[in-house]
Amino acid sequence: MQAAMEREGYIAEPAIATAVHLARTMRKPLLVEGDAGVGKTEIGKVLARILDTELIRLQCYEGIDVNTALYEWNYQRQLLRLRIAGTEDRDPAQTEQMIFSRDCLLERPLLRAITRREGPPLLLIDEVDRADDGFEAFLLEILSDFQVTIPELGPIAATHVPYVVLTSNRTREIGDALRRRCFYLYVEHPSPEKEIRIIRARVPEAMDGLAREIAAVMQALRGRRLQKAPGVAETLDWTRALMSLQLDSLDADTVSETLGCVLKDHHDVQDLTAHDIESMLAGARSASGADG
Ligand SMILES: Nc1ncnc2c1ncn2[C@@H]1O[C@H](COP(=O)(O)OP(=O)(O)OP(=O)(O)O)[C@@H](O)[C@H]1O
Ligand SMILES: [Mg+2]
């Protein structure tokens, strides 16, 4: 699994690869938690590519409800049928059957995931912590039975049980019941070695020395008390920005001018003095010198 993930551009240590492997073979949903930008969502995307199946994504947000997640009635089609039925003078029971039929149903991600005919898809339930407790309870029910009941139609069972990856940034604690249903994986910020490998995999045109310096500065930044610690997403943004400026090493001016790629909070930027930058760079140079 580790090699397969790496072929897809995802650098994973054994703990991550094992969790993904087990979730896949044991057919359990995988709950991935961790800070922003550490590579949670990407695990779902990469696994879909490895399994060579469709990725169906449900993006959670505050106020998400069953209609957006599961199904909606196609009102236009229902209205049209109602009009036609009116001109044809049908009996009410027949009309109702026509209106509440499967082809008047608009499938949303969850329904699509359990009714996909071509084989199990990968269902990515992203940022589940943003949804509320009620929605979480509803998810738990679906992830337990892989069956949904639509009042007007009755139960619809899964044609294939999908592979499921859930992600959470922990803005709200996920309940114990859902946790117990899942295989759990906590993704940490990467070690310097891992981060260098990620940079090399994602931005191959970056020189080794630059990758080392960037990784060392990112480590130093994460060691500070920040409002928003930068993730791998920021590392890669920054690397690409430096590449487009045709830079192959870091100096204090470059760092302070491109800091917006990395720090996304006004106070974090303000708190970082020129002296801090200098000492981070000195540390980075000695680290990359010592390693290389
Ligand atoms: N281990 C890794 N190997 C390769 N690329 C990675 C790795 N971790 C993260 N990335 C890259 O970093 C970026 C951010 O990853 P991703 O979107 O998965 O983070 P996230 O944890 O879901 O963030 P958020 O909490 O903001 O949703 C992506 O472009 C992803 O490809
Ligand atoms: Mg994400």
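Can you compute the helix-only [θ] at 222 nm over the chain? Use -39500 (n - 2.57) per DSSP H run of at least 4 residues, normalise by all residues, nearest 500 deg cm²/dmol.
Details: 15 runs with 151 residues, N = 292.
Taking each H run of at least 4 residues, the total per residue is -15000 deg cm²/dmol.
Using a Förster radius of 25 Å, what is the FRET efficiency between residue 256 and residue 233 based on their Cβ-Cβ separation? Nearest 0.05, please. Don't skip to the answer; put the middle values down first.
On the way: r = 21 Å, r/R0 = 0.83.
E(calc), rounded to 0.05, equals 0.75.
Would you mind calculating the relative contact order of the chain from Cα pairs under 8 angstrom and at least 6 residues apart, reporting the percent as a whole number? Walk me through the numbers on the way to the answer.
Values: 425 pairs, mean separation 64.8, N = 292.
Relative CO of the chain lands at 22 percent.
Return, ordered by residue number, the residues of the range 188-225 whose backbone nitrogen is under 13 Å from a label point located 7 Å along Cα→Cβ of residue 267.
Residues 225 qualify, since their backbone N sits under 13 Å from the label point.
How far is it, in nm, from the label point at residue 26 to the one at residue 83 when both lie 7 Å from their Cα along the line to the Cβ?
With each label point 7 Å from Cα toward Cβ, the separation is 5.5 nm.
Once the Cβ-Cβ distance between residue 132 and residue 249 is put in as r, and R0 is 51 Å, what FRET efficiency do you end up with, to the nearest 0.05? Could you put the intermediate results ahead of the total?
On the way: r = 48 Å, r/R0 = 0.94.
With R0 = 51 Å, the Cβ-Cβ based efficiency is 0.60.
From the residues 219, 142, 185, which one has its Cα farthest along the dipole of the chain in the positive direction, the dipole being from +1 and -1 charges on Cβ of Lys/Arg and Asp/Glu about the Cα centre?
Ranked along the dipole, the leading option is 142.
Compute the Cα gyration tensor for the range 236-284, then decide on rounded, prolate or oblate, letting a ≥ b ≥ c be the square roots of its eigenvalues: rounded whenever a/c is under 1.5, prolate when a/b is larger than b/c in the other cases, and oblate in all that remain. Write out the running numbers ahead of the final one.
On the way: a/c = 2.30, a/b = 1.24, b/c = 1.86.
Since a/c reaches 1.5 but b/c is at least a/b, the shape of the range 236-284 is classed as oblate.
So for the pair residue 200, residue 51, with labels modelled 7 Å out along Cα→Cβ, what separation do we get in nm?
Those two pseudo-labels are separated by 3.1 nm.
Roughly how many nanometres apart are two label points built 7 Å out from the Cα toward the Cβ at residue 73 and residue 144?
Result for the modelled spin labels: 2.8 nm.
In the chain, what % of DSSP beta bridges are antiparallel (nearest 5)?
Working: 7 of 25 bridges.
Here the share of antiparallel DSSP bridges comes out near 30 percent.
No value in this document is a laboratory result; all are computed from the given coordinates. Keep in mind that this is a model prediction, so the values were computed, not measured. Glycine gets a Cβ as well: all are built from the backbone with ideal geometry, and neighbour counts include every protein chain shown.
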